[in-house]
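Worksheet: the structure to be examined is printed underneath.
The values are calculated or read from the model by the stated rules, or taken from the named source; none is laboratory data. Remember, it's a predicted structure, so these values are computed and weren't measured experimentally. Because the Cβ atoms are built from the backbone with ideal geometry, glycine has one as well, and the counts that use them run over all protein chains shown. These area figures cover heavy atoms from the full protein model, side chains too; ligands, DNA and RNA do not enter into them. Shrake-Rupley method; radii C 1.70, N 1.55, O 1.52, S 1.80 Å.
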Amino acid sequence: MTIKSIWLRKIHKWVGLAIGLQFVIWAISGAAMALLDMEAVAGGPRPQATQAAVAGEATAWPAIVRQLGSAKIEGLRLKTLLDRPVVEVRTARFVRMFDAQTGVRLTIDGAAARAIAQSSHPNGARPGAAKLLTERSLPVRDHEPPIWQVDFADDNASTYYVSATTGAVLERRNDTWRWWDFFWMLHNMDYVDRMSFNHPLIITAGVAMAWLAVTGFWLLFRTMWRHDFAWVRAREGSMSR
């Protein structure tokens, strides 16, 4: 065996060990995510949404338009927020909320965020203090701030995230989700953002697996001896008789 083959076998061995360990991590993390209750990961069942009557919408609309000025409206949504009808107005520059009956502009402060989070909790648990987030964090990595973070002292250490712009409950996180997210991080090998399957580390792992397969076949045929195929020749000889 040449020096080149010896070095290739050594590199192949260590790369194979690293890839083998990653396969074990993939198997364990995948099994763990599959075993976790997905309803618990999602924060439990959501309360049934209620629809409020919108009496006075026609009289409120002129007041809303006056407050928008020259902004071009791109979308409107009529919804219920804390049992009151509201209008969500979207333009190219901003999203604003208005009382559908009075036209008064609404803001989502800490008290409103706590009330919204409590109304979305399956057991109606009492929320703790609300903290305003102005930068993205892992639990709300798919959403744009500002976002209210509301913690609960329930059995699963729940944390709800409420949009400071629309009042929507963006995410309902808890210990079950945190375990799921940890295994998800291991599974997709994105140890920073936990979002991408196209980052350099996983691409490197894929290239290493392809290299391992190619060099493995090369080493297999490079190191074979005639006696490795003795049983094939013996079988062919017995069939020719």
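Determine whether Ile28 is modelled with pLDDT of 95 or more and among the β-branched types (Val, Ile, Thr). When the stated conditions are applied, Ile28 passes them.
Would you pick out the residues in the range 146-165 that are free of Cβ contacts under 8 Å to residues at least 40 places away in the same chain and over 9 Å from Leu133 (Cβ atoms)? Val150, Asp151, Phe152, Ala153, Asp154, Asp155, Ala157, Thr159, listed by residue number.
Picking from Arg194, Arg172, Arg178, which residue would you name as being under 19 Å from Ala34 (Cα atoms), at pLDDT 95 or above and not aromatic (Phe, Trp, Tyr)?
Arg178
Listed by first and then second residue, the pairs with beta-carbon distance under 9 Å, at least 6 apart or on different chains, first residue in the range 92-107 and closer than 13 Å to Ala63 by Cα, second among the hydroxyl-bearing types (Ser, Thr, Tyr) and surrounded by fewer than 14 Cβ atoms within 10 Å (Cβ to Cβ), are Met97/Thr107; Gln101/Thr59; Thr102/Thr59; Gly103/Thr59. The lone criterion from (1) hydrophobic (A, V, I, L, M, F, W, C); (2) open to solvent by 40 Å² or more (accessible area, probe 1.4 Å); (3) within 29 Å of Ala129 (Cβ to Cβ) left unmet by Met185 is number (2). Scanning the range 188-215 for residues that are open to solvent by 30 Å² or more (accessible area, probe 1.4 Å), part of a loop (DSSP other than H, G, I, E, B) and without any contact (Cβ under 8 Å) to a residue 12 or more places away in the chain yields Tyr191, Val192, Ser196, Phe197, Asn198.
Looking only at residues of the range 127-136 that are touching a residue at least 12 places away in the same chain (Cβ under 8 Å) and out of contact with any Lys or Arg (no Cβ under 9 Å at 6 or more places or on another chain), we find that the one that is farthest from Leu82 (Cα to Cα) is Thr134. Give the residue that is nearest to Pro145 (Cα to Cα), with candidates limited to residues of the range 92-116 that are more than 28 Å from the chain's Cα centre (by Cα), open to solvent by less than 70 Å² (accessible area, probe 1.4 Å) and not hydrophobic (A, V, I, L, M, F, W, C). Per the criteria, the residue is Asp99.
Of everything listed in (1) open to solvent by less than 80 Å² (accessible area, probe 1.4 Å); (2) farther than 24 Å from Gln67 by Cα; (3) under 20 Å from the mean Cα position of the chain (by Cα), the single unmet condition for Pro145 is (2).
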